[in-house]
1. Residue 223 versus (1) at pLDDT 90 or above; (2) surrounded by 14 or more Cβ atoms within 10 Å (Cβ to Cβ); (3) over 18 Å from residue 17 (Cα atoms): which is the lone unmet condition?
2. Taking residue 150 as the residue in question, decide whether it is within 26 Å of residue 188 (Cβ to Cβ) and part of a strand (DSSP E or B).
3. Only one of these conditions is not met by residue 169: (1) in contact (Cβ under 8 Å) with a residue 12 or more places away in the chain; (2) surrounded by 14 or more Cβ atoms within 10 Å (Cβ to Cβ); (3) more than 13 Å from the ligand (Cβ to nearest atom). Which number is it?
4. Of everything in the stretch 1-29 that's within 17 Å of residue 149 (Cα to Cα) and away from the ligand (no atom under 16 Å from the Cβ), which residue is modelled with the lowest pLDDT?
5. Return only the number of the condition from (1) within 18 Å of residue 32 (Cα to Cα); (2) surrounded by 17 or more Cβ atoms within 10 Å (Cβ to Cβ); (3) more than 11 Å from the ligand (Cβ to nearest atom) that residue 164 does not satisfy.
6. Residue 22 fails exactly one of the following numbered conditions: (1) part of a helix (DSSP H, G or I); (2) closer than 25 Å to residue 156 by Cα. What is the number of that condition?
7. Would you point out which residue out of 145, 199 is assigned to a loop (DSSP other than H, G, I, E, B), within 20 Å of the chain's Cα centre (by Cα) and surrounded by 15 or more Cβ atoms within 10 Å (Cβ to Cβ)?
8. Where in the stretch 41-141 are the strands (runs of 3 or more DSSP E), entirely inside, with at least 3 residues that are touching a residue at least 40 places away in the same chain (Cβ under 8 Å) and surrounded by fewer than 18 Cβ atoms within 10 Å (Cβ to Cβ)?
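The values are calculated or read from the model by the stated rules, or taken from the named source; none is laboratory data. A quick note: this is a predicted structure, and the numbers were derived from the prediction, not measured. When we count neighbours, we look across all protein chains shown, and the Cβ atoms used for this are built from the backbone with ideal geometry, even at glycine.
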Ligand code: DC
């Protein structure tokens, strides 16, 4: 293979999928850093498109409005996962309660999912990138079905709820564990209705039980798996 051919080949991808609160984003970010690869935070792309739709005064419930918004923007990301819209880095803007509520509408539109997925895939064609670690619910099934490693990050609903409660109760003292548990269960139910994009263990995915690991231990295990393939 000539060096030009190898330059133009899509970069390898690792896909980490799992439920909301499974810790997959933390693991994907750390794994990408350890490998010197780019991190694709697919949830942040859905959040950023939601933000842009609302900024345009359009309705997230309207597939036509969201597709039109997508056609009008330049959306990409940095290698640390930060999403850029028309060159503007979106960080705090996409982590608000309003975006938390509206983003599910955007993620429910099948045509939007297809169009946004195509834009995400462009990342692997960038010559300066050695590889991509993607996280989401459909990273291995839809975004990168040819990923060299697909991992389902598995954590029980009870453990996820306790972890999220521990984080959120430090900020919102009025929040209760049953509230956090029920909100996560509702999100799981909504995600489970996403057909092909529902979080699930694929026939070719490995399962990482992340209930009792520290992030360091979990990333160590993931690195072993990647290195065994490379
Ligand atoms: O992981 P997150 O909370 O940032 O995801 C935001 C929303 O986007 C959430 O409603 C799930 C959805 N999502 C999706 O449908 N597919 C993905 N690959 C990633 C996120």
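1. (3)
2. Here the answer is yes, as residue 150 does meet what is asked.
3. Of everything listed in (1) in contact (Cβ under 8 Å) with a residue 12 or more places away in the chain; (2) surrounded by 14 or more Cβ atoms within 10 Å (Cβ to Cβ); (3) more than 13 Å from the ligand (Cβ to nearest atom), residue 169 misses just condition (1).
4. The qualifying residue modelled with the lowest pLDDT is 10.
5. If we test residue 164 against (1) within 18 Å of residue 32 (Cα to Cα); (2) surrounded by 17 or more Cβ atoms within 10 Å (Cβ to Cβ); (3) more than 11 Å from the ligand (Cβ to nearest atom), just (1) comes out false.
6. Just one mismatch for residue 22, condition (1).
7. Values: 145 fails: surrounded by 15 or more Cβ atoms within 10 Å (Cβ to Cβ).
On inspection, the qualifying residue turns out to be 199.
8. On the way: elements: 75-77, 83-85, 88-90, 132-136.
In the stretch 41-141, there are no strands (runs of 3 or more DSSP E) which contain 3 or more residues that are touching a residue at least 40 places away in the same chain (Cβ under 8 Å) and surrounded by fewer than 18 Cβ atoms within 10 Å (Cβ to Cβ).
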